[in-house]
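All remarks here apply to the structure that follows.
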Amino acid sequence: MASEITALEKHECPACGAQAEWNPGKQKLVCPFCGTESPYQIDRDLGKVVELDLVKALRELPDEERGWQTARRSVQCQSCRAVMVFDPARVGQNCEFCGSPALVDYQEIKAPIRPQGVLPFKIDASRIRDNIRRWWRSRWFAPGRLAVAALVDTVRSLYIPYWTFDAQVHCPWTAEAGYHYTVMVPGRDAKGQTIMRPERRTRWEPAAGVVDHFFDDEPVPGTQGLPIDLLRQVEPFPTQEIVAYDTAFLSGHVVEHYQVVLLAAAQQSQEQMYAKLQALCAQQVPGDTHRNLRLNPDYAGRTFKHILVPVWLLSYDYGSKAYQVLVNGYTGQIAGNRPYSAWKIFFAVLAAVIAALIVVYLSNQ
């Protein structure tokens, strides 16, 4: 079967025998030691990425969709709880996410669901380092020595698990539509005299409608090793560019094992879809405002994929605190947390106060 014809062996350099790695800049396997490009050909059309029936999968996933198709060793960080998947010959000394040395073997209850697709790294490490430095320089209140102290040379490449979900939704809705109008009502002015003043009121009328919407690749992160708020900021990962799963894309990069299982991810995807349906239905309600919006969605044709997406991660300490910067390995979108310079904030506030005093002084002249 086509799904079985994938790279099962190590991707050795034909010149020196070292492990060849996926090079984002050249979009091919390259030896990190001697620079030789591997002759291994990746068929991006082989084993086309397919959607799997969600209802069927939740009942019983076929055995052929399980496993990594190659020998792998999983370890879990006892600090941040991330689970990383390595080649058995590679021994991780520290967690790739938080740097902790407390790694233990992770025994899975059952074989994992194999990824259907991979979004390969497109941006290489040198460009990522330059982008992070520019990003730091654009943060006005970051300490001046941050770019030196944070050591961008420690940036690491990770493949992060995601689930994506499709569904065709037929959603009838009901609500009360509000129409604003103005009436004149009696009141009193500052002198106690009776005057007529305008007052806005709302007329409520029943409303109903239907929204038909197709959700395509609704994303749910499967990671617990990265801050979800930062990960959401570097989305979207262009799922239309996903290629069939091939271990060659993973060579030289750390892969995180998903910790959000399919059932939990499916429930989260439905919550995300429902929130978006609320917005779509609210747009249909006539009038100036609305209340008591009620939805009755019917989900059909629900499918899913398990995919791996590329993320560059920089973890660093500044003072007594730890910080992280995430970069989308395909689009280059950056998000992160960083320290603030108390002196820069002080002088900015001082400058604002001085400017305000000058304006008041000139206005009184």
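Scan Thr303, Thr289 and give me the residue that is closer than 30 Å to Ala177 by Cα and of a type in the set (Ser, Thr, Tyr).
Thr289
Report yes if Phe214 is touching a Phe, Trp or Tyr at 6+ places or on another chain (Cβ under 7 Å) and of a type in the set (Phe, Trp, Tyr), otherwise no. Before the answer, list the steps.
Details: touching a Phe, Trp or Tyr at 6+ places or on another chain (Cβ under 7 Å): no; of a type in the set (Phe, Trp, Tyr): yes.
No, not satisfied.
For the stretch 117-141, what are the residues that are modelled with pLDDT under 90 and in contact with a Phe, Trp or Tyr (Cβ under 7 Å, 6 or more places away or on another chain)?
Phe141
Please determine, by comparing only the residues of the stretch 242-266 that are among the small types (Gly, Ala, Ser) and within 23 Å of Ile128 (Cβ to Cβ), which one is most open to solvent (accessible area, probe 1.4 Å).
Checking each candidate, the answer is Gly252.
When you check Ile242 against the structure, is it touching a Gly at 6+ places or on another chain (Cβ under 7 Å) and under 14 Å from Trp163 (Cβ atoms), yes or no?
Criteria met by Ile242.
If you check every pair at least six apart or on different chains, which have Cβ atoms under 8 Å apart with a residue in the stretch 164-183 that is among the polar types (S, T, N, Q) first and a residue that is outside any strand (DSSP E or B) and modelled with pLDDT under 95 second?
From the stretch 164-183, the pairs are Thr164/Thr239.
If we keep just the residues of the stretch 339-361 that are modelled with pLDDT under 70 and assigned to a helix (DSSP H, G or I), which is most open to solvent (accessible area, probe 1.4 Å)?
Filtering the stretch 339-361 for residues that are modelled with pLDDT under 70 and assigned to a helix (DSSP H, G or I), the one most open to solvent (accessible area, probe 1.4 Å) comes out as Trp343.
Take Glu205 and decide whether it is open to solvent by 50 Å² or more (accessible area, probe 1.4 Å), at pLDDT 95 or above, out of contact with any helix residue (DSSP H, G or I) (no Cβ under 6 Å at 6 or more places or on another chain) and closer than 30 Å to Pro286 by Cα.
yes
Working only within the stretch 150-178, note down all residues that are open to solvent by 40 Å² or more (accessible area, probe 1.4 Å) and either among the charged types (D, E, K, R) or touching a Ser or Thr at 6+ places or on another chain (Cβ under 7 Å) (or both).
Correct list: Asp153, Arg156, Glu176.
Out of the strands (runs of 3 or more DSSP E) lying entirely within the stretch 245-318, which hold 2 or more residues that are in contact with an Asp or Glu (Cβ under 9 Å, 6 or more places away or on another chain) and within 28 Å of Asn337 (Cα to Cα)? If you could, list the steps in order and put the result at the bottom.
Numbers: elements: 254-256, 289-295, 298-318.
Counting at least 2 such residues, we get 254-256, 298-318.
Applying the selection to the stretch 231-253, what residues are of a type in the set (A, V, I, L, M, F, W, C) and under 17 Å from the mean Cα position of the chain (by Cα)?
Passing the criteria: Leu231, Val234, Phe237, Ile242.
Yes or no, residue by residue, for (1) surrounded by fewer than 19 Cβ atoms within 10 Å (Cβ to Cβ); (2) modelled with pLDDT under 90; (3) over 30 Å from Leu29 (Cα atoms):
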{"site": "Pro219", "(1), (2), (3)": "no, no, no"}
{"site": "Arg232", "(1), (2), (3)": "yes, no, no"}
{"site": "Glu235", "(1), (2), (3)": "yes, no, no"}
{"site": "Gln240", "(1), (2), (3)": "yes, no, no"}
{"site": "Glu271", "(1), (2), (3)": "yes, no, yes"}
{"site": "Gln278", "(1), (2), (3)": "yes, no, yes"}
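Step by step: first the residues of the stretch 319-338, then only those that are in a loop (DSSP other than H, G, I, E, B) and at pLDDT 80 or above, then the one that is surrounded by the most Cβ atoms within 10 Å (Cβ to Cβ). Which residue is that?
Checking each candidate, the answer is Gly329.
The values are calculated or read from the model by the stated rules, or taken from the named source; none is laboratory data. Treat the numbers as computed from the prediction; the structure is a model and nothing was measured. When we count neighbours, we look across all protein chains shown, and the Cβ atoms used for this are built from the backbone with ideal geometry, even at glycine. Just so you know, the surface numbers come from the protein's heavy atoms only, side chains and all, with ligands and any DNA or RNA stripped out. Shrake-Rupley method; radii C 1.70, N 1.55, O 1.52, S 1.80 Å.
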